[in-house]
Amino acid sequence: MTAVAALAKYAPRYRLEIGEPEGSDWLRVDQILEPGSPELTELLKRDDEASSHRSAHANALSMMSFYAGRAPATALLLWALEGHVLDIRPQNLWVRPHPGHGIAAVAVRSADFLPGGLETLYDVVLRKHLLPLSEELHRRTRAGLRQVYGGVAAGCAMGFCAATREDVTVEPAYLLERWQTFVAKAPGGLARLGDVEVAGGKLVYLRNTCCLYYTSETGNGTLCGSCCLTPRDERLTAYEGGRPILTV
């Protein structure tokens, strides 16, 4: 549990509550993943209310980017730093929706580790969680599956990038190598959907897909710092200059 608790020093997104949570505002992830689940409907509803999306598929893309950047992020960073795979199988994982975007808190039944390495990580983060969730969002909203997977890739990348943006940092070159190891054979073709680069002494993510956040009333035409609609060299120049960015 010590290693898990220590991750909170990198950013609030990495804080995990240990133990089965109480209260009707918590949603168990295996229930979110059920076809037609009211839990997923609730997550989409909250994101739409926060941003006033112009379309259902834009709502799905925005929700996935924020969700993927929070729910599995602790497990990804823990693997990157320690090589351990935290047991975040859907039946052991809860999320509490934020009143606005994304997830306010994440809880696991216990801070247990699973045997195995990268393939196990792929199972608990992607094959049994984010990829089935993507397919359900695609089915519900007709959002392009490649675009939804783009949100998965961006969210997973934040598990590596955000740790180089806080007061307590990890050497960017090390986390870049860990990201490259993770993404090289990641299911869903995540390696084709964007790149992690070093810019301004920190890791940044350059998307090859668009989340359409700029089409929402909240986005008001503003592109994310990583958006593929901005030329790659302009994004890198902006990052090098320390421009504030919209992250998941």
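Can you confirm whether the stretch 76-85 contains a residue that is touching a Ser or Thr at 6+ places or on another chain (Cβ under 7 Å) and either within 14 Å of residue 163 (Cα to Cα) or assigned to a loop (DSSP other than H, G, I, E, B) (or both)? No, the conditions are met nowhere in the stretch 76-85. On the given criteria, is residue 49 open to solvent by 10 Å² or more (accessible area, probe 1.4 Å) and at pLDDT 90 or above? No: the conditions fail for residue 49. Checking the structure you have, find out if any residue of the stretch 79-101 is modelled with pLDDT under 90, surrounded by 23 or more Cβ atoms within 10 Å (Cβ to Cβ) and within 27 Å of residue 208 (Cα to Cα). Checking the stretch 79-101: not a single residue is modelled with pLDDT under 90, surrounded by 23 or more Cβ atoms within 10 Å (Cβ to Cβ) and within 27 Å of residue 208 (Cα to Cα).
Could you count how many residues in the stretch 24-35 are in contact (Cβ under 8 Å) with a residue 40 or more places away in the chain and either open to solvent by 60 Å² or more (accessible area, probe 1.4 Å) or assigned to a loop (DSSP other than H, G, I, E, B) (or both)? Write out each step before concluding.
Filtering the stretch 24-35 for residues in contact (Cβ under 8 Å) with a residue 40 or more places away in the chain gives 25-30, 32-33, 35.
Checking the rest, the ones that are also either open to solvent by 60 Å² or more (accessible area, probe 1.4 Å) or assigned to a loop (DSSP other than H, G, I, E, B) (or both) come to 25-26, 28, 33, 35.
Final tally of qualifying residues: 5.
Selection over the stretch 52-75 of residues that are part of a loop (DSSP other than H, G, I, E, B) and open to solvent by less than 10 Å² (accessible area, probe 1.4 Å) gives a count of 3.
With respect to the stated conditions, residue 43 is over 17 Å from residue 157 (Cα atoms), under 17 Å from the mean Cα position of the chain (by Cα) and in a helix (DSSP H, G or I).
Condition test on residue 106, is it among the β-branched types (Val, Ile, Thr), under 29 Å from residue 214 (Cβ atoms), open to solvent by less than 20 Å² (accessible area, probe 1.4 Å) and modelled with pLDDT of 90 or more?
Working: among the β-branched types (Val, Ile, Thr): yes; under 29 Å from residue 214 (Cβ atoms): yes; open to solvent by less than 20 Å² (accessible area, probe 1.4 Å): yes; modelled with pLDDT of 90 or more: yes.
Taking the combined requirement at face value, the residue satisfies it.
Would you be able to say whether some residue in the stretch 119-130 is within 14 Å of the chain's Cα centre (by Cα) and either assigned to a loop (DSSP other than H, G, I, E, B) or surrounded by fewer than 16 Cβ atoms within 10 Å (Cβ to Cβ) (or both)? The answer is no; no qualifying residue exists.
The criterion of at least 1 residues that are in contact with a Pro (Cβ under 7 Å, 6 or more places away or on another chain) and open to solvent by 10 Å² or more (accessible area, probe 1.4 Å) is met by none of the helices (runs of 4 or more DSSP H) wholly inside the stretch 139-242.
The values are calculated or read from the model by the stated rules, or taken from the named source; none is laboratory data. Please read these numbers as outputs of a predicted model, since none were measured by experiment. Note that each Cβ is placed from the backbone with ideal geometry, even for glycine, and that neighbours are counted across all protein chains shown. For accessibility, only protein heavy atoms count, side chains too; no ligands or nucleic acids. Shrake-Rupley method; radii C 1.70, N 1.55, O 1.52, S 1.80 Å.
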